[in-house]
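Right, one structure below, let's go through it.
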Amino acid sequence: MDRALIEQTVRAVLSRMSETRDDASASPPIVVEASARHVHLSERDCTALFGQAQPTEVRAISQPGQYLSKERVRLVGPRGVLDNVAVLGPARSATQVEISMTDARALGVDAPVRLSGDLAGAAHVFIQAGEAMIEAQAAIVAERHLHLPAAEARALGLGDREIVRVRVHGARPLVLEGVVVRATDPAAARLHIDTDEANAAGVGRDTLCTIERGAGAAIAPAVPVQMPEKAVPAVQAASIEGKLIAEHDALALVREGAKKLVLRPGQLVTPLARDALRAGGVELTDKENKA
C-alpha cells in the first residue's frame, strides 16, 4: 500500500479517536520536515542557466507533483556565496530562493519572512550555474507552514491560511507560534520549517508534531524581518563593503545623493549596478579625490 495513503488512514483513525476523548487537546501526529535552502526557477531563468525550460527530475519529494532535480546552483550575495544549492521542480511562474536567516546573514542580504509565492520586498541575489548567471529579486525566509489536505483540515476545524500553534516533539521539544495552515489539494500532511528552526527543536528523520488546540486565528499580514542595512555614507564620495556591488546597492547610493563610488580592491560591479549608477549620476572610480 502507498505510504502516503497509510499515513492519511492512520491520521484519520487517530482523529476519530480524539473526538471521543474528553481531552481532545491535540491533533493526530504529523511528520516534520526540515526545508534546507533551495531554489524554484521560472522557465525563463531555468533556460538561461541550464539551457532547458524544466529542471531534470531525480526523485519525488513529499508534496505531490514536486521533485528534487539534478541541477544545482550557487547563490551569490554582497558578502558571501552558498554553493551546491538544490533546485526543485517543476518550474514556476516566478523564480524564488528560500533560505534561512543564517543563510541570509552569510550572503549579506535582507531577506523578509514570506509565504511561498509572496515575493514582495524579496532580497536581490545572483544565481549562478557554471558560466551562466542571473540576478533576481527572489530571496525570502519561508514562513513556517503546515501542509494539510483540504478534507483533513476541515476535519480538524481549520481553514486555509489560518494560524495555529504547533508542538514539535524533537530531541529538544519546542512550541512554534504563528504556523500558517496551507489547506490545499493535492497535499501531504507535513510541517515545513527551515534548518534554523529544525536545529533549535532537535528535529530528526522521524520527528512528529501536533497542533495545539484553540490556537487557530485569522491570518495576519506577514511582517518582514529586517537585518541591519549596510551603511552608505551620505557624502559626495562613498564606498561599499563586500566583494560584489549589485543593483540594489547602486540604487541605495543614488537615494543617498552620492556623486562618486570609490571601488575597493577586488570589488566587482554588476552590469545592472553600473547602469543604475550611470543613470543616477554616480561616478565609478578606484581613487578618492584628495583635498
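The values are calculated or read from the model by the stated rules, or taken from the named source; none is laboratory data. Worth saying up front: this structure is predicted, and the values here are computed from it rather than measured. Cβ sites come from the backbone with ideal geometry, for glycine too, and all protein chains shown count toward neighbours. Note: areas computed on protein heavy atoms with side chains; ligands, DNA, RNA excluded. Shrake-Rupley method; radii C 1.70, N 1.55, O 1.52, S 1.80 Å.
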Exercise. Of all strands (runs of 3 or more DSSP E) completely enclosed by the range 99-174, which ones contain at least 3 residues that are of a type outside the set (Val, Ile, Thr)?
Worked result: 123-129, 132-142, 145-149
Problem set entry | Options Val175, Val203, Val168, Val225; residue that is at pLDDT 95 or above, surrounded by fewer than 15 Cβ atoms within 10 Å (Cβ to Cβ), over 22 Å from Pro64 (Cβ atoms) and hydrophobic (A, V, I, L, M, F, W, C) | Val175
For this session: Return a yes/no flag: does the range 102-111 have any residue that is open to solvent by 10 Å² or more (accessible area, probe 1.4 Å) and touching a Cys at 6+ places or on another chain (Cβ under 7 Å).
Result: no
Problem set entry | Residues of the range 136-160 classified as closer than 30 Å to Asp249 by Cα and open to solvent by less than 30 Å² (accessible area, probe 1.4 Å), total | 6
Seminar exercise, completed: Exactly one of Ala91, Ala60 is modelled with pLDDT of 95 or more and within 30 Å of Thr207 (Cβ to Cβ), and that one is Ala60
Exercise. What number of residues within the range 242-282 are open to solvent by 100 Å² or more (accessible area, probe 1.4 Å), of a type in the set (D, E, K, R) and more than 19 Å from Ala136 (Cβ to Cβ)?
Worked result: 4
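Looking for something in a helix (DSSP H, G or I), in contact with a Pro (Cβ under 7 Å, 6 or more places away or on another chain), charged (D, E, K, R) and at negative phi - is there at least one such residue anywhere in the range 273-280?
No; the residues of the range 273-280 include none that is in a helix (DSSP H, G or I), in contact with a Pro (Cβ under 7 Å, 6 or more places away or on another chain), charged (D, E, K, R) and at negative phi.
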Exercise. Quick one: Thr95 ticks every box in (1) in contact with a Ser or Thr (Cβ under 7 Å, 6 or more places away or on another chain); (2) open to solvent by 40 Å² or more (accessible area, probe 1.4 Å); (3) among the β-branched types (Val, Ile, Thr) bar one, so which box is it?
Worked result: (2)
